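Peer 1: One structure coming up, written as structure tokens, with questions to follow.
The values are calculated or read from the model by the stated rules, or taken from the named source; none is laboratory data. What you are looking at is a predicted structure, and each value in this text was computed from that prediction instead of being measured. Neighbour counts run over all protein chains shown; Cβ positions are idealised from the backbone, glycine included.
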Amino acid sequence: MPSSTIDLTKVVNRANFLNICYRQNTARNDGEGIGTLNEKRIHSVLKEYFEPDKSRHEVPYKGYIADIMNDDGIIEIQTGALSPLYAKLGAFLPDTRVTLVHPLIAKKTVSWIDPKTGDISPKHTSPRHETALDGLLELYNIRSHIGSENLFVRFPLIEVDEYRMQDGWSRNKKRGSHRYDRIPIQLFDIISFDGPRDYMLMFLPEPLREAEFTSAEYASAAHIGKQLAYRAATVLTFAGVLERTGKRGNSILYKCIL
């Protein structure tokens, strides 16, 4: 358990996040602008948000560099795919509390940059937004670590302004285009997973908690695709929520064990 009474990695302080974004996005003294930091900009904001003491950033530990190490353990912030963290988590988790922070883009506006002129289009709100299910897809890539009692997962739901180069292969040059930068704007919430019950409440529909089911039945109950349902059931099995009880025909049967 953390040494502090309140687990600060769960605290949603929107004003503080906004101030950090403002300071890092507009009050730079090094002349860096749009496109210079890319995903590191989001990483930097989240690092300061979860630990303002910079002396606790980038700490060598067990042959790796921990993003944050403080009295409550290690905080690892990963803005992209989680699979590159697999070995690092394997080194840290046996004897260290690790809080894994993976931001989800709950809202974003998109602006297009003309690569020839540098002109930037007006912003428009993207219909695409990430949810906890998107985070689950990433957890699948580190699934064998999910059941560790030392692993705690946080999904900050954030808003970003995204800038894309209009250099794609389609007629309007948008499909296949390259992302130029993402600028964090605000924090909406933090979804937290501290143990099996949190995973169950978020990802396992209530009707399935008292009966055996297949991944196809899970997909139907959760209103998600079959491939995602399979991955969700696999993660929940590693998380200690489900167990495999046998087969029905060619389909694996699962049962909640909480």
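Peer 1: Please verify whether M165 is surrounded by 14 or more Cβ atoms within 10 Å (Cβ to Cβ), outside the structural domain of R41 (by TED's automatic domain parsing) and of a type in the set (A, V, I, L, M), treating the condition exactly as stated.
Peer 2: No: the conditions fail for M165.
Peer 1: Still on this structure, I have one more. Can you name every residue in the stretch 168-207 that is exposed (fewer than 14 other Cβ atoms within 10 Å of the Cβ) and in a strand (DSSP E or B)?
Peer 2: H178, R179, D189
Peer 1: Under 8 Å between Cβ atoms, at least 6 apart or on separate chains: pull out the pairs that start in the stretch 177-202 with a residue that is at pLDDT 95 or above and end on any residue that is hydroxyl-bearing (S, T, Y) and outside any strand (DSSP E or B).
Peer 2: So the pair list comes out as L187/Y49; I190/T9; S192/T9; F193/Y199.
Peer 1: Looking at the stretch 122-155 only, could you name the residues that are modelled with pLDDT of 90 or more, among the basic types (K, R) and more than 13 Å from G90 (Cα to Cα)?
Peer 2: R154
Peer 1: Something else now. Here is a check on your reading of the model: is A81 at pLDDT below 95, among the aliphatic types (A, V, I, L, M), surrounded by fewer than 21 Cβ atoms within 10 Å (Cβ to Cβ) and under 30 Å from Y230 (Cα atoms)? Give the derivation first.
Peer 2: On the way: at pLDDT below 95: yes; among the aliphatic types (A, V, I, L, M): yes; surrounded by fewer than 21 Cβ atoms within 10 Å (Cβ to Cβ): yes; under 30 Å from Y230 (Cα atoms): yes.
Criteria met by A81.
Peer 1: Checking P60 against (1) over 16 Å from the mean Cα position of the chain (by Cα); (2) touching a residue at least 24 places away in the same chain (Cβ under 8 Å), which test does it fail?
Peer 2: (2)
Peer 1: Output the residue which, of all residues in the stretch 111-144 that are assigned to a helix (DSSP H, G or I) and of a type in the set (D, E, K, R), is surrounded by the most Cβ atoms within 10 Å (Cβ to Cβ).
Peer 2: E138
Peer 1: All but one of (1) farther than 19 Å from T99 by Cβ; (2) over 20 Å from the mean Cα position of the chain (by Cα); (3) surrounded by 17 or more Cβ atoms within 10 Å (Cβ to Cβ) hold for G240; which doesn't?
Peer 2: (1)
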